[in-house]
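Accompanying notes for the structure given below.
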Amino acid sequence: MMVLVVGGSGSGKSSYAEEVAVSLAKESVGEIAMKKYYLATMQVFDEEGRDKVERHRNLRKGKGFFTIEQPTRISDALEKMGDGDSLALLECISNLTANEMFSEENAKTKMQVAENITQDIKMLKEQTNHLVVVSNNVFEDGNTYDETTTEYIHAMGMINQKLAALADQVVEVVAGIPVILKLPYRNSVLIKNRL
Amino acid sequence: MKLIIGGTAQGKLVYVLQKYGLQENMVWDGSLPNEINDIERKRNPIIINHLHQWIKNCMISGGCPEDEIMSFLDCNEDCILICDEVGNGIVPIDPFEREYRERVGRILVQLAKRADEVERIICGIGQKIK
């Protein structure tokens with residue numbers, strides 16, 4: 001099962017995504033058998049970045065995640081995972097996209113970046129039991145930006161659409177409240193039957 | 001407490017006034033009433049509009065909006081809070097703006113937990129999410 005979690009800054013999307021990951025791992029094979037991996041994409045440059053990483057580490061504490069730092073080429077994380085049943089929580093697409101677009105030697109176009117990231121995540125989905133992906137809503141501030149930032153916003157938009165198509169479930173987190181945007185077929189049939 | 005959120009200019013205040021049959025002169029705009037006298041108490045519920053603006057002003061003046069809003073609610077549980085969602089965009093370069101967006105988001109998460117009802121307004125239409 002793949003779940004895509006989207007939300008804005010401070011929306012509570014991370015803590016919701018962790019809850020989903022923990023409960024998926026529990027449901028399927030019992031907590032001990034399934035390995036949980038946290039794929040961290042953020043590159044730390046300063047104090048603020050360190051604080052952010054620290055806050056997220058505290059959120060995850062005691063939940064049994066094994067952290068893999070993977071700022072680019074996210075499917076390489078698969079090589080660092082052990083055998084057996086696994087769940088991966090990838091946080092987050094906005095950092096991954098920025099890293100792929102701006103920190104590599106040869107800059108890539110938004111199309112290439114969107115395509116690469118989608119292919120990588122497809123691989124992750126195929127080779128894990130469960131995949132939870134966190135992405136950002138960077139689309140609604142109404143500001144006009146320079147060319148580079150505009151490219152980035154469009155790449156993010158493309159990636160979110162592609163990932164939503166790949167995902168079994170898509171959830172937007174608003175003020176900490178999960179709003180369901182896409183349900184697995186099984187569940188949507190159940191809901192339709194009730195209406 | 002009822003929490004009303006949404007983007008700028010989505011008709012949040014009009015929605016609230018119509019839904020609850022209230023007048024605009026009952027609205028506290030970007031401020032929390034310090035002392036509420038008996039006359040104002042009778043005009044329940046208290047409506048606070050532009051809560052995000054109050055949060056920003058509170059930060060600028062060195063206050064702690066997280067604590068202040070919670071202690072306000074302890075004394076005034078029956079109120080309607082209206083706030084813009086400001087976190088759905090590109091992370092600003094300016095550190096203060098960045099912190100402001102993050103704090104508005106986290107305050108809304110706390111308020112949503114405490115609220116009896118949360119509605120998100122889009123195109124003037126209320127979507128009840130709690």
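Every number here is computed from the coordinates shown, using simple stated rules; none is lab data. Quantities reported herein were computed from a predicted structural model and do not represent experimental measurements. Because the Cβ atoms are built from the backbone with ideal geometry, glycine has one as well, and the counts that use them run over all protein chains shown.
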Using 19 Å as the cut-off for backbone N distance, which residues of the stretch A:141-171 belong to the label zone defined by a point 7 Å from the Cα of A:Q112 along Cα→Cβ? A:147-159
For the stretch A:131-141, Karplus-derived ³J(HN,Hα) couplings (6.51, -1.76, 1.60; θ = phi - 60°; whole Hz; x for glycine and proline) come out as 9, 10, 10, 9, 9, 10, 8, 10, 10, 10, 8
Amide H contacts of A:V179 (H built 1.01 Å from N, under 5 Å, at least 5 apart or other chain): A:E172, A:V173, A:V174
Here the stretch A:1-75 gives, from Cα atoms, an Rg and Dmax in Å of 13.3, 40
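Cα-Cα pairs above 37 Å in the protein assembly as shown: how many percent? If you can, show how the numbers build up before the last one.
Working: 12068 of 52650 pairs.
Percent of Cα pairs beyond 37 Å in the protein assembly as shown: 23.
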Calculate for chain B the 222 nm mean residue ellipticity that helices alone would give, adding -39,500 (n - 2.57) per DSSP H run of length 4 or more and normalising by residue count, nearest 500 deg cm²/dmol. -13000 deg cm²/dmol
For q = 0.10, 0.18 Å⁻¹, what log10 I(q)/I(0) does chain A give under the Debye formula with an equal point scatterer on each alpha carbon and no solvent? -0.41, -1.36
Run lengths n ≥ 4 of DSSP H only: what is the helix-derived mean residue ellipticity at 222 nm for chain A, with -39500 (n - 2.57) per run over all residues, to the nearest 500? -14000 deg cm²/dmol
Low-density loop cleavage sites - trypsin sites (Lys or Arg not before Pro) in the stretch A:1-79, where at most 13 other Cβ are within 10 Å (DSSP): A:K61
Karplus ³J(HN,Hα) for the stretch A:54-62 (6.51 cos²θ - 1.76 cosθ + 1.60, θ = phi - 60°; Hz, whole; x = Gly/Pro) runs 4, 4, 5, 4, 5, 4, 7, 3, x
Pull up all non-local amide H partners of A:V132: gap of 5 or more, or a different chain, and H-to-H distance under 5 Å with H placed in the peptide plane. A:V3, A:A88, A:L89, A:L90
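Taking a ≥ b ≥ c as the square roots of the eigenvalues of the Cα gyration tensor of the stretch A:81-187, is the shape rounded (a/c under 1.5), prolate (a/b larger than b/c) or oblate? The partial results should precede the final answer.
On the way: a/c = 2.19, a/b = 1.28, b/c = 1.71.
Cα axes put the stretch A:81-187 in the oblate bin.
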Cα pairs beyond 26 Å in chain B, in percent, come to 18 percent
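Nearest 5 percent is fine: what portion of the DSSP beta bridges confined to chain A is antiparallel? Mind showing how you got there, number by number?
On the way: 5 of 32 bridges.
Rounded to the nearest five, the antiparallel share is 15 percent.
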Points 7 angstrom from Cα along the Cβ direction at A:K182 and B:E77: gap in nanometres? 4.2 nm
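Looking at this model, which pairs from A:K52/A:K125; A:K52/B:K2; A:K162/B:K12; A:K52/A:K162; B:K2/B:K113 are more than 21 angstrom apart at the alpha-carbon?
A:K52/A:K125; A:K52/B:K2; A:K162/B:K12; A:K52/A:K162
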Tell me, what is the FRET efficiency for A:E54 and A:F102 to the nearest 0.05, using R0 = 22 angstrom and their Cβ-Cβ distance as r? 0.35
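For the stretch A:58-115, count all C-alpha to C-alpha pairs, find those more than 13 Å apart, and express that count as a whole percent of the total. Display every interim value, and only then the final one.
Numbers: 1108 of 1653 pairs.
Within the stretch A:58-115, distances greater than 13 Å cover 67 percent of Cα pairs.
Note down the net charge around A:Y38, summing +1 for each Lys or Arg and -1 for each Asp or Glu among other residues with Cβ under 13 Å from its Cβ. Walk me through the intermediate numbers first.
Values: positive: A:K35, A:K36, A:R57, A:R60, A:K61, A:K63, A:K80; negative: A:E18, A:E69, A:E91.
That works out to +4.
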In whole Å and largest first, what semi-axes does the C-alpha gyration tensor of the stretch A:16-117 yield when each eigenvalue is scaled by 5 and square-rooted? 26, 17, 11
Rounded, prolate or oblate, given the Cα gyration tensor of the stretch B:71-117, with a/c below 1.5 counting as rounded? prolate
